[in-house]
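Peer 1: The structure's right below; bear with me while I get my questions together.
The values are calculated or read from the model by the stated rules, or taken from the named source; none is laboratory data. Note that the structure is predicted; figures quoted are calculated from it, not measured. Cβ: placed from backbone, ideal geometry, glycine included. Neighbour counts: every protein chain shown.
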Amino acid sequence: MHTEEHRWVSPSLGHEMALKVYGHWGTPLIVFPCSRGRYFDYEGMGMIGAIASFIDGGQIKLYCLDSVDSQSWYNFSLSPAERNGRHEAYDRYVTSEVVPFIRNHCQNPEIRPMTNGCSMGAYHAVNFYFKHPGLFAGLIACSGLYRLDRPEFCLGPADISAVYYNSPLAYLAGLTETKLLEEYRRSTIMISVGQGAWDEEALEDTRNLQAICRDKAIPAWFDFWGHDVNHDWPWWYKQMNHFLGHLCR
């Protein structure tokens, strides 16, 4: 398998960020790691091996990113607005640094990668896609939380105004902009969740996101797996293979 590692000091974030490329050709996917994760986690947790046939076959090309979750949503010493501000710096890193890097790397100035991730990575995949559908062709997300006003983030309903535009279930519910809705309707949206252990909150958020997409006539594939399907990597391997089998056929 062809791999490359790249790193540079990000002007948006003010420190070095790394990413790793897996594959030589195919649909580009930006991969966000799980909470407070690193760019090498997809490989270290076995996902690269689990979907290797799609990578080696030139059907997909992964760009696995570092996160700054420990500086943003999980930095509980900061106010909600400050955490949101740090995430916005990460947003600029992805949209103004990583996306141009991918376009140059693919030798296609107009290519639109898909976003992808599991757990917290799924949150990022959903949030980045829905905020920037002009940059991204769609998303594949497994077992994510899609609202930030949760105890896990030490945020409650009173804080939602400070993080509103990074909490998908909040801003999508009120979205009426025709141009954005039309862009969503031309994209590929694949979202899965299990109904077993540790996926209760992700299941709730996925159902709520499905209801919003249905109400706004956004075609999306919401795939609800069984009560034996836990919030864990072995199931995400299966879900990714299932989605990629449809995406790459």
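Peer 1: Among the residues of the range 147-189, which ones are free of Cβ contacts under 8 Å to residues at least 60 places away in the same chain, out of contact with any Cys (no Cβ under 9 Å at 6 or more places or on another chain) and of a type in the set (A, V, I, L, M)?
Peer 2: Ala158, Ile160, Leu169, Ala170, Ala173, Leu175, Leu180, Leu181
Peer 1: Those residues that are polar (S, T, N, Q) and surrounded by fewer than 21 Cβ atoms within 10 Å (Cβ to Cβ), I need them from the range 25-59; list them, please. Write out each step before concluding.
Peer 2: From the range 25-59, those polar (S, T, N, Q) are 27, 35, 53, 59; that's our starting set.
Listed by number, the residues that qualify are Ser35, Ser53, Gln59.
Peer 1: Which condition number in (1) in contact with a Pro (Cβ under 7 Å, 6 or more places away or on another chain); (2) under 18 Å from Ile140 (Cβ atoms); (3) outside any helix (DSSP H, G or I) is the one that Ser192 fails?
Peer 2: Single failed check for Ser192: (1).
Conditions (1) within 24 Å of Trp233 (Cα to Cα); (2) not basic (Lys, Arg), marked per residue:
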| site | (1), (2) |
| --- | --- |
| Ala52 | yes, yes |
| Gly57 | yes, yes |
| Leu65 | yes, yes |
| Arg92 | no, no |
| Ser96 | no, yes |
| Asn104 | no, yes |
| Met120 | yes, yes |
| Phe128 | yes, yes |
| His132 | no, yes |
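Peer 1: Still on this structure, please answer the following. Looking only at residues that are touching a residue at least 40 places away in the same chain (Cβ under 8 Å), among the acidic types (Asp, Glu) and not in a loop (DSSP other than H, G, I, E, B) in the range 197-249, which one is surrounded by the fewest Cβ atoms within 10 Å (Cβ to Cβ)?
Peer 2: That would be Glu201.
Peer 1: Which one of these is modelled with pLDDT of 95 or more, out of contact with any Leu (no Cβ under 6 Å at 6 or more places or on another chain), surrounded by fewer than 18 Cβ atoms within 10 Å (Cβ to Cβ) and not β-branched (Val, Ile, Thr): His87, His6, His2?
Peer 2: Values: His87 fails: surrounded by fewer than 18 Cβ atoms within 10 Å (Cβ to Cβ); His6 fails: out of contact with any Leu (no Cβ under 6 Å at 6 or more places or on another chain).
Going through His87, His6, His2 in turn, the sole match is His2.
Peer 1: Please state which of the following conditions Glu82 fails to meet, knowing it meets all the rest: (1) in contact (Cβ under 8 Å) with a residue 40 or more places away in the chain; (2) outside any loop (DSSP other than H, G, I, E, B).
Peer 2: Of the numbered conditions (1) in contact (Cβ under 8 Å) with a residue 40 or more places away in the chain; (2) outside any loop (DSSP other than H, G, I, E, B), the odd one out for Glu82 is (1).
Peer 1: In this structure, is Tyr184 under 15 Å from Ala220 (Cβ atoms), out of contact with any Gly (no Cβ under 9 Å at 6 or more places or on another chain) and at pLDDT 95 or above? Spell out how you get there, then give the answer.
Peer 2: Details: under 15 Å from Ala220 (Cβ atoms): yes; out of contact with any Gly (no Cβ under 9 Å at 6 or more places or on another chain): yes; at pLDDT 95 or above: yes.
When the stated conditions are applied, Tyr184 passes them.
Peer 1: Can you pull out every residue in the range 234-249 that is out of contact with any Asp or Glu (no Cβ under 8 Å at 6 or more places or on another chain) and under 14 Å from Gly144 (Cβ atoms)? Spell out how you get there, then give the answer.
Peer 2: Of the residues in the range 234-249, the ones out of contact with any Asp or Glu (no Cβ under 8 Å at 6 or more places or on another chain) are 234-238, 240-241, 244-249.
Selection gives Trp235, Trp236, Met240.
Peer 1: Something else now. So which of Tyr165, Tyr146 ends up being on the phi < 0 side of the Ramachandran plot, assigned to a helix (DSSP H, G or I) and not β-branched (Val, Ile, Thr)?
Peer 2: Working: Tyr146 fails: assigned to a helix (DSSP H, G or I).
Exactly one of Tyr165, Tyr146 is on the phi < 0 side of the Ramachandran plot, assigned to a helix (DSSP H, G or I) and not β-branched (Val, Ile, Thr), namely Tyr165.
Peer 1: Hey, among Ser96, Ser77, Ser67, Ser72, which residue is within 14 Å of the chain's Cα centre (by Cα), polar (S, T, N, Q) and either modelled with pLDDT of 95 or more or in a helix (DSSP H, G or I) (or both)? It would help to see each step written out before you state the result.
Peer 2: Working: Ser96 fails: within 14 Å of the chain's Cα centre (by Cα); Ser77 fails: within 14 Å of the chain's Cα centre (by Cα); Ser72 fails: within 14 Å of the chain's Cα centre (by Cα).
Only one candidate qualifies: Ser67.
Peer 1: Of all strands (runs of 3 or more DSSP E) completely enclosed by the range 1-52, which ones contain at least 1 residues that are in contact (Cβ under 8 Å) with a residue 60 or more places away in the chain, in contact with a Lys or Arg (Cβ under 7 Å, 6 or more places away or on another chain) and not acidic (Asp, Glu)?
Peer 2: On the way: elements: 3-9, 16-22, 27-32.
Here the list reads 16-22, 27-32.
Peer 1: Give the range 110-143 a look and list any residue that's part of a helix (DSSP H, G or I) and of a type in the set (Gly, Ala, Ser), or say none.
Peer 2: As a first pass, look at the range 110-143 and keep what is part of a helix (DSSP H, G or I): 120-131.
Answer for the range 110-143, where residues must be part of a helix (DSSP H, G or I) and of a type in the set (Gly, Ala, Ser): Gly121, Ala122, Ala125.
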